[in-house]
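For reference, the structure discussed in these notes is given below.
The values are calculated or read from the model by the stated rules, or taken from the named source; none is laboratory data. Predicted, not measured: the structure shown is a model, and the values here were computed from it. No Cβ is skipped: glycine too gets one built from the backbone with ideal geometry, and neighbour counts run over all protein chains shown.
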Amino acid sequence: MADWNEPRGTQQGFGASPRLNGELAGRAATYDLGLRRHMLSIYNYMASGVLLSGIVALLMARSGMVVTLMGSPLMWLFILSPLAIVLAMNFGQGRFSTPTLQAMFWGFAALMGVSLSTIFLVYTGASIAATFFATAGAFAGLSLYGYTTQRDLSGFGTFLVMGVIGLLIAMVLNIWLQSPGLHWAISFLGVLIFAGLTAYDTQRLKEQYAYVAGTEFARKAVVMGALTLYLDFINMFQFLLSFMGNRD
């Protein structure tokens, strides 16, 4: 007959041993450390890309080269080249090496700087700077929300991508319509859509780490993640500039 009063020194709460709990805690701490380093690398690349674009844009504007390019068909090369690089990086990331993707990212950021230099012909430098810092603050807050929230934002992904497609169609239509009302509507929706994408993409990149950690693709994922957040930042900045920018 069993002695129900017999002490059972080896039994622990819920059947878990202290050693197992310690191992799980250690793995969780290692994972969190790796995740922080991964996301920090993405942010560093993204911020460096934005800084490079800003320096190129400022140099182009100060030197007067942007005025020369505006009257030249060569300007279309600088406008369309970044789009070509983005498409090549997204569709070829599996084939390209990490150094190749890195070089393409820096080339993209530099070409974007040339393209962005045209805003200095339209808006004052003070309003551009104010809009940039406002965008930086909004981006930081939205990205932090995407990183820390427990809410699943994946449901917004399809909706936001459809919104981007709708924006592109509306922008092309307004080239011919030249409607001020449609222009303001596009700018307003553009700010909202890319604000949402900032939070959504941050959460997606955070979750992606579980699949790329310890693999050869991890370094590529850093570059591609930086490209994604760069596009969110720059697009939000450009749409916000329509509201905050003071024209010369």
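Worth pointing out:
- Residues in the stretch 60-93 that are over 20 Å from the mean Cα position of the chain (by Cα) and in a loop (DSSP other than H, G, I, E, B): 4 in all.
- Cβ-Cβ distances below 9 Å connect the following pairs, each with a first residue in the stretch 140-160 that is touching a residue at least 60 places away in the same chain (Cβ under 8 Å) and of a type in the set (S, T, N, Q), a second residue that is surrounded by 11 or more Cβ atoms within 10 Å (Cβ to Cβ) and part of a helix (DSSP H, G or I), and a separation of six or more residues or different chains: SER143/TYR43; SER143/THR198; SER143/ALA199; SER143/ASP201; SER143/THR202; SER143/LEU229; SER143/ASP232.
- Residues satisfying the stated conditions in the stretch 196-248, i.e. part of a helix (DSSP H, G or I), surrounded by fewer than 22 Cβ atoms within 10 Å (Cβ to Cβ) and among the charged types (D, E, K, R): ARG204, LYS206, GLU207, ARG219, LYS220
- Qualifying residue in the stretch 110-119 (condition: in a helix (DSSP H, G or I), surrounded by fewer than 13 Cβ atoms within 10 Å (Cβ to Cβ) and not aliphatic (A, V, I, L, M)): no
- So THR100, is it of a type in the set (S, T, N, Q), at pLDDT 95 or above, under 25 Å from GLY225 (Cα atoms) and exposed (fewer than 13 other Cβ atoms within 10 Å of the Cβ): no
- Count of the stretch 133-183 residues which are aliphatic (A, V, I, L, M) and not in a helix (DSSP H, G or I): 1
- Annotation note: of GLY166, GLY245, the sole residue that is in contact (Cβ under 8 Å) with a residue 60 or more places away in the chain and either under 29 Å from PRO99 (Cα atoms) or not polar (S, T, N, Q) (or both) is GLY245.
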